[in-house]
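So the structure is just underneath, and the comments pick up after that.
The values are calculated or read from the model by the stated rules, or taken from the named source; none is laboratory data. Quantities reported herein were computed from a predicted structural model and do not represent experimental measurements. Cβ placement follows ideal geometry from the backbone for every residue including glycine, while neighbour counts extend to all protein chains displayed. Side chains are part of the model used for accessible areas, which takes the heavy atoms of the whole protein and leaves out ligands, DNA and RNA. Shrake-Rupley method; radii C 1.70, N 1.55, O 1.52, S 1.80 Å.
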Amino acid sequence: MAKEIEVTLYVEVPDHALDKDITDWVDVQLCGYNCMEKDNPCIDNAEVVHNKWKHND
């Protein structure tokens with residue numbers, strides 16, 4: 001049986017990134033599925049600035 005944890009990431013993204021850009025970036029970079037446009041402004045300009053996690057009971 002696997003453990004389940006909750007992860008919270010605080011990420012800085014470019015001001016001009018659209019909600020779709022951010023969703024696509026999260027899907028590809030953090031979840032490993034879907035795709036994003038090559039000109040997505042988050043590709044080289046998103047930075048995790050804080051993170052935390054906890055066990056889900």
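Brief remarks on what is shown
- Candidates in the stretch 33-57 are the residues that are closer than 27 Å to Lys3 by Cβ and among the β-branched types (Val, Ile, Thr); of these, the one that is surrounded by the most Cβ atoms within 10 Å (Cβ to Cβ) is Val48.
- Residues being open to solvent by less than 70 Å² (accessible area, probe 1.4 Å), of a type in the set (A, V, I, L, M) and touching a residue at least 12 places away in the same chain (Cβ under 8 Å) - total across the stretch 10-32: 4
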